[in-house]
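> Questions regarding the structure given below will be posed in turn.
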Amino acid sequence: MYSETFPLTKSHQAVNMKAVACVCGTFGFLVTVAVLSPPATLLMLPASMTRTNIAGRTPTMLATQTSSHRSSIQPYTALAATHNTLSSNYDSGLSGASSPVILGTVAALSTAFGAFIMKIWNQQAGKPRAAAIEESTISLEYPTVVAMAAVTSETVEYSQIKFPPLKNDRLLRVVRGEPVDRIPIWVMRQAGRYLPEYREFMKGKEFFQVCRNPKQVAEITLQPILRYDLDASIIFSDILVIPQAMGLTVALHPEKGPVFDEPIDSREAWTKLQDRLLVSLGITPTSAMSSTDKNKLLIENAPKLVSPALDYVYAGITETRMQLDGRVPLFGFCGAPMTLAIYMIEGRGSTSFSKSSRMMHGDPQTAHEMLTVLAHMCAHYLMNQVRAGAQALQVFDSFAGAMSPDIWHEFSAPYMMLIADIVKKEFPKMPMVCFAKDAHYGLEALSNSKYDIVALDSSVDLGECHKRMTAKGKGVQGNMDPTVLYAPPEKIKEVVGKQL
């Protein structure tokens, strides 16, 4: 029998229970020329967690797996940390579908790294989590720690749809600051090309067409849940569905990534888009209308801009909740307004962000108008996801660190806050996570926001951020350096153990 001991430190036990230390890499972008893009395993650790002597197990595997699938993940069977910004610019809605298939060696490292995490922390559940699975033979022993007093509260269900009861609320309990038996684990890029079944499923299919098919969305979203013993699922979709709902055409090119037919890189282009959106709402723009007037109308009608245009996303969420059958909670998500605006302005992924910088410095009014509309659309889009069945939400500011701190504080932070304010006003107990990638200078602002969890990239000190966030009643997730995946297995084990 394999045995590992990772006792909790005094500092772990002393801090506020609401805090969560997350072990893993930052959310990665997809590349236009692509090399590596392993998924991101998130480990949420309550400051004072209850553990007893238990026999662990590696994640269960589908009994219907082929031998080639088995060989690709033996002896480890879990998920791994994300790709940071190694040659990457594009976040493909967490799915990784728009980049070329990852190298087999990277996939092996991904599964090996995550497996080690699972081997350390996975609790023996005592019975299979689904009918079509089989138990692995590896088991662990854990040290005993002092149990906490039981703290319980109800998981709030805001959807009016009757779903199967939730069986694993570990992640939701962590967000509420309640004790859990082990660290919740989920994977940002959870349904994607590192999975052999995903690559097989996507053959001959166009990514956005799949996103518009609720049955296919549910099938792909469930693939990693059936394969691995995870604590949450995240809907298979893309952050760029918001620009698509605005009538912009986005194509995914194998070498270029996402490309917009019509970049919104000037006052003239924005005015044209405002007019088109108003017409789609049945409102006729007139010469007497100022740009401010048009923006006011768009904001007032933001709910109509995200429905019915994005009803396929909501249908996919509902279908997925039904098929999950209560196994784990379902995340909904959106891109942050500045990240979406940068894609719209640049017309594609960028490394220089020259067009965005020119607009934000040279024509801030246009930039703010665009961001305000996007923020309201994102908020209503997320609220519709909640009504459709999403049980937690995450906002990804993938381009947060693209330019200067001043740019982020003026053009991103207020709009990320606005989203949380709008959503929390309607759904005050909805768990919300925010991630401002490469924007360590924004952590203080985010700690004062209405988000419950602040995700970290690997450039910051986990202990220091943990203290700062727990002082504000926030939890944290992330932080593991994703380049650790290139290390030998024993070194991966050492690094993960140290971080835990």
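The values are calculated or read from the model by the stated rules, or taken from the named source; none is laboratory data. Keep in mind that this is a model prediction, so the values were computed, not measured. Ideal geometry is used to build each Cβ from the backbone, glycine not excepted, and the neighbour counts take in all protein chains shown. Note: accessible area is taken over every heavy atom of the protein model, side chains too, but ligands, DNA and RNA are not part of it. Shrake-Rupley method; radii C 1.70, N 1.55, O 1.52, S 1.80 Å.
> Going by what's in this entry, would residue 450 be described as within 25 Å of residue 169 (Cβ to Cβ), crowded, with 24+ Cβ neighbours inside 10 Å, of a type in the set (Lys, Arg) and out of contact with any His (no Cβ under 7 Å at 6 or more places or on another chain)?
Considered against the rule, which asks whether it is within 25 Å of residue 169 (Cβ to Cβ), crowded, with 24+ Cβ neighbours inside 10 Å, of a type in the set (Lys, Arg) and out of contact with any His (no Cβ under 7 Å at 6 or more places or on another chain), residue 450 comes out as no.
> Check whether at least one residue in the range 234-247 is aromatic (Phe, Trp, Tyr), modelled with pLDDT under 95, within 20 Å of residue 320 (Cβ to Cβ) and in contact with a helix residue (DSSP H, G or I) (Cβ under 8 Å, 6 or more places away or on another chain), and report yes or no. Break it down into steps so the answer makes sense when it comes.
Start the filter on the range 234-247 by keeping residues that are aromatic (Phe, Trp, Tyr), which leaves 236.
Still in the list and also modelled with pLDDT under 95: none.
No, the range 234-247 has no match at all.
> When the residues of the range 324-359 are filtered to those that are closer than 30 Å to residue 166 by Cβ and among the charged types (D, E, K, R), which remaining residue is least open to solvent (accessible area, probe 1.4 Å)? Full working, then the answer.
Step one: list which residues in the range 324-359 are closer than 30 Å to residue 166 by Cβ, which gives 324-336.
Remaining after also requiring among the charged types (D, E, K, R): 325, 327.
Working: 325: 70, 327: 52 Å².
Top of the filtered list is 327.
> Quick one: how many residues across the range 414-423 are open to solvent by less than 10 Å² (accessible area, probe 1.4 Å) and either touching a residue at least 40 places away in the same chain (Cβ under 8 Å) or farther than 30 Å from residue 321 by Cβ (or both)? Spell out how you get there, then give the answer.
Here is the first cut: in the range 414-423, the residues open to solvent by less than 10 Å² (accessible area, probe 1.4 Å) are 416, 419-420, 423.
Those left that are additionally either touching a residue at least 40 places away in the same chain (Cβ under 8 Å) or farther than 30 Å from residue 321 by Cβ (or both): 416, 419, 423.
So the answer is 3.
> Enumerate the pairs (first residue in the range 299-311 and basic (Lys, Arg); second residue anywhere and open to solvent by 10 Å² or more (accessible area, probe 1.4 Å)) with beta-carbon separation below 8 Å, excluding pairs fewer than 6 apart on the same chain, so at least 6 apart or on different chains.
Pairs found: 304/281.
> Could you identify the single residue in 426, 444 that is closer than 23 Å to residue 329 by Cα, surrounded by fewer than 18 Cβ atoms within 10 Å (Cβ to Cβ) and touching a residue at least 12 places away in the same chain (Cβ under 8 Å)? Break it down into steps so the answer makes sense when it comes.
Details: 444 fails: closer than 23 Å to residue 329 by Cα.
After ruling out the rest, the residue left standing is 426.
> For the subset of the range 460-475 comprising residues that are free of Cβ contacts under 8 Å to residues at least 60 places away in the same chain and closer than 22 Å to residue 187 by Cβ, which member is surrounded by the most Cβ atoms within 10 Å (Cβ to Cβ)?
Going through the qualifying residues, I end up with 465.
> Continuing with this model, one more query. Please state which one of 393, 456 is in contact with a Cys (Cβ under 6 Å, 6 or more places away or on another chain) and open to solvent by less than 10 Å² (accessible area, probe 1.4 Å). Step through it out loud before you land on a result.
On the way: 393 fails: in contact with a Cys (Cβ under 6 Å, 6 or more places away or on another chain).
Only one candidate passes the filter, namely 456.
> Follow-up question, since we're still on this one. Being outside any helix (DSSP H, G or I) and either in contact with a Ser or Thr (Cβ under 6 Å, 6 or more places away or on another chain) or closer than 16 Å to residue 245 by Cα (or both) is the filter here; which residues of the range 269-323 pass it?
The answer is 281, 282, 301, 306, 307, 308, 309, 310.
> Answer yes if at least one residue in the range 188-203 is of a type outside the set (Lys, Arg), more than 23 Å from residue 250 (Cβ to Cβ), touching a Phe, Trp or Tyr at 6+ places or on another chain (Cβ under 6 Å) and modelled with pLDDT under 90, and no otherwise. Show your work before the answer.
Initial filter on the range 188-203 (of a type outside the set (Lys, Arg)): 188, 190-192, 194-198, 200-202.
So of that shortlist, the ones also more than 23 Å from residue 250 (Cβ to Cβ) come out as 194-197, 200.
This time we only want the ones that are touching a Phe, Trp or Tyr at 6+ places or on another chain (Cβ under 6 Å), so: none.
No, the range 188-203 has no match at all.
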